[in-house]
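Novice: One structure coming up, written as structure tokens, with questions to follow.
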Amino acid sequence: MSHDKIYLWYFDRQDAIQCSGINFVQDLPRFMVLLLAMQRMPYVEWGYSPVFKLEPGSSSQVRVLDEKIGEVDLTLDLSDNCTTRFGLRGRATAVFPVTSETLSALAPTLPHHNPHNATSELVAKLYWPEEERESEPAILEKVYEIAKKDEEGKVRYHVPEMVWFRKFEDTSTAIIRRALGLENAERGRRVLYIVVFRKLQPITDLSGKRFLVAWWHIVVCHYALWKNDVHHCDISPSNLMVYKTLGGRYIGVLNDFDLSSTQDSPSGLELTGTVPFMAIELLTQEAIEGKVKHLYRHDAESFLWVLTWVSLRYKAGQLLSKPRPLDRWLTLDAIQCRVEKNDFLFCGRHEMKPSRSHKRSWKVVQLALRTVFLFNVFRPRAVEPIDSQSEDSDDSELDDPDEFRSDGSDESGSDDSDESGSDGSEADGSKADGADVSVEAHRRAFASLKDATVFKMWLRNNIRTQLRAKYLNVRVGPTS
């Protein structure tokens with residue numbers, strides 16, 4: 001409102017639209033008609049989907065007609081178990097428990113059914129993705145095709161089990177923009193989806209060796225999918241899940257593919273990732289402007305930030321009470337978070353103490369963050385673009401792997417710390433970075449390597465060797 005003029009604003013998940021002003025003094029009749037019209041607007045015209053009725057006295061039961069399987073009954077549990085992200089625009093993802101006789105009977109008959117997941121419970125995900133992006137159900141179908149050919153157990157049983165989905169075409173935010181004749185009405189448009197999955201548990205419920213085993217399942221699954229041109233691009237604690245098998249084992253699951261991309265995916269307007277867990281290079285102004293390509297090493301670094309986050313903020317599956325380490329990261333924008341992360345790498349991590357239930361994870365964090373630190377210090381600032389073949393190839397190796405390894409371990413994966421025994425000064429980060437290798441040796445190594453090769457060796461040697469030989473000693477598959 002400005003003086004005697006009033007401006008109407010229309011908000012939806014895409015953006016805001018402002019109408020021309022009405023002088024409610026000089027044009028009082030038109031203003032009164034406007035108020036009368038708004039008073040009589042039904043829920044649909046206020047932006048609510050007619051499927052999810054909000055009439056007084058209505059229940060949380062809805063029925064959706066599906067062309068393939070007929071009518072789908074859904075009973076939504078909108079109690080405290082509902083996880084919601086509030087905001088006027090964006091995806092506005094809400095996840096809540098749901099029961100359905102139709103879908104419960106459908107789940108065991110699906111070709112990607114996971115017989116190792118003991119639960120029969122379902123959850124529904126309601127959200128507004130960009131229509132220009134490849135949809136999550138379409139990406140998951142490609143994931144299931146990859147899993148079908150997976151003989152090593154790297155992907156199969158480590159991805160979410162989608163039971164059913166529905167796209168509500170009549171909710172597209174482009175409809176009103178087309179009607180108003182706005183320019184670029186299709187650009188950035190969003191549409192409502194509901195996707196039903198079998199229920200999973202957050203990985204943060206686990207600790208100790210169980211947590212590390214599940215985390216490693218997901219690292220391996222993510223790498224296998226990346227090599228098959230499915231790029232997740234949003235690694236965060238909320239997207240790493242687990243389920244418990246009939247035998248009592250916990251299996252890691254890479255969840256939430258709605259910001260993922262494949263070789264067929266058009267790019268959307270969103271900068272993919274969750275700020276506190278994004279690679280440092282993606283928290284720059286160039287990356288915000290879309291000038292930095294999202295590479296495998298960015299997701300690999302995100303896995304480490306997740307490991308750091310959980311080690312410092314969770315104890316025995318419970319979030320620590322406030323104040324918690326790294327709380328500030330949740331309130332910072334991308335540029336400020338980059339500054340905080342750089343400070344953490346240079347000195348802050350040496351002062352941090354993990355919870356007792358995540359001491360094992362913290363040792364892995366310190367071994368791997370050393371490499372991230374060295375990479376950000378010594379990597380060349382101008383590197384040639386890396387095509388997907390050079391980054392995703394599984395054949396790239398360093399001529400001399402020992403020149404790059406900064407933890408002093410040999411190929412068998414031995415290190416000089418343990419849960420008991422030695423004081424663990426090397427593993428807990430109290431020893432200076434690169435004490436066993438000269439600065440010049442690191443500078444020469446990084447100057448001669450492409451980014452992908454550097455992080456390929458980091459993943460293979462500085463994490464895989466430590467985890468598999470020292471801490472885990474398990475196969476990837478859920479039946480091991």
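Novice: Work from the charge dipole of the range 110-231 (Cβ charges, +1 for Lys and Arg, -1 for Asp and Glu, about the Cα centre) and give the residue of TRP215, HIS231, LEU140 farthest towards its positive end.
Specialist: Of the candidates, TRP215 comes out farthest on the positive side.
Novice: Another question, if that's okay. Using 0.36 nm per residue of separation minus the Cα-Cα distance, give me the extension gain between MET38 and ASN376 in nm, one decimal.
Specialist: On the way: separation 338, 0.36 × 338 = 121.68 nm, distance 5.59 nm.
Contour length minus Cα-Cα distance gives 116.1 nm.
Novice: Count charges around LEU304 for me, please; just the other residues with Cβ under 12 Å from its Cβ, Lys/Arg as +1, Asp/Glu as -1. If you can, show how the numbers build up before the last one.
Specialist: Numbers: positive: ARG297, LYS341, ARG349, ARG370; negative: ASP299, GLU301.
So the surrounding residues net to +2.
Novice: Taking amide hydrogens as modeled 1.01 Å from N in the peptide plane, which residues meet the under 5 Å criterion relative to TRP164, leaving out close sequence neighbours?
Specialist: VAL196
Novice: In the neighborhood of VAL339, defined by Cβ-to-Cβ distances under 11 Å, what is the net charge if each Lys or Arg adds +1 and each Asp or Glu adds -1? Don't skip to the answer; put the middle values down first.
Specialist: On the way: positive: ARG328, ARG338, LYS341; negative: ASP333, GLU340, ASP343.
Charge balance in the 11 Å sphere: 0.
Novice: Over 27 Å between Cα atoms: which of LYS68/LYS227; LYS322/LYS359; LYS148/LYS227 fall into that group?
Specialist: Details: LYS68/LYS227 33 Å; LYS322/LYS359 20 Å; LYS148/LYS227 15 Å.
Violating the 27 Å limit, Cα to Cα: LYS68/LYS227.
Novice: Per-residue HN-Hα couplings for the range 142-152, Karplus 6.51 cos²θ - 1.76 cosθ + 1.60 at θ = phi - 60°, whole Hz, x for Gly and Pro?
Specialist: Per-residue couplings from phi come out as 5, 4, 5, 5, 5, 5, 4, 8, 7, 8, 9 Hz.
Novice: In whole Hz, what ³J(HN,Hα) sequence does the range 354-361 give by Karplus (6.51, -1.76, 1.60; θ = phi - 60°), x for Gly and Pro?
Specialist: Per residue, the Karplus-derived 3J(HN,Hα) values read x, 5, 4, 7, 10, 4, 4, 5 Hz.
Novice: Another question, then. Rounded, prolate or oblate: pick one for the range 219-337, where a ≥ b ≥ c are the square roots of the eigenvalues of its C-alpha gyration tensor, a/c under 1.5 means rounded, and failing that, prolate if a/b is larger than b/c, else oblate.
Specialist: It comes out oblate by the Cα gyration axes.
Novice: Then there's this: Distances over 15 Å make up what percent of all Cα-Cα pairs in the range 287-379? Spell out each step's value before the answer.
Specialist: On the way: 2774 of 4278 pairs.
Result: 65 percent of Cα pairs exceed 15 Å.
Novice: May I ask you to compute the full-extension gain from GLU289 to ASP343, defined as 0.36 nm times their residue separation minus their alpha-carbon distance, rounded to one decimal in nm?
Specialist: Working: separation 54, 0.36 × 54 = 19.44 nm, distance 2.37 nm.
This chain segment gains 17.1 nm when fully extended.
Novice: Still on this structure, I have one more. Show me, for the range 29-38, the HN-Hα J-couplings you get by feeding each phi into the Karplus relation (A = 6.51, B = -1.76, C = 1.60, θ = phi - 60°), rounded to Hz, glycine and proline as x.
Specialist: Each residue of the range 29-38 in turn: x, 5, 5, 5, 4, 4, 5, 5, 5, 5 Hz.
Taken together, the values in this text are just the output of simple stated rules run on the coordinates, not laboratory data. Model, not experiment: these values are computed from the prediction. Heads up, the Cβs are rebuilt from the backbone with ideal geometry, glycines too, and the neighbour counts pull from every protein chain shown.
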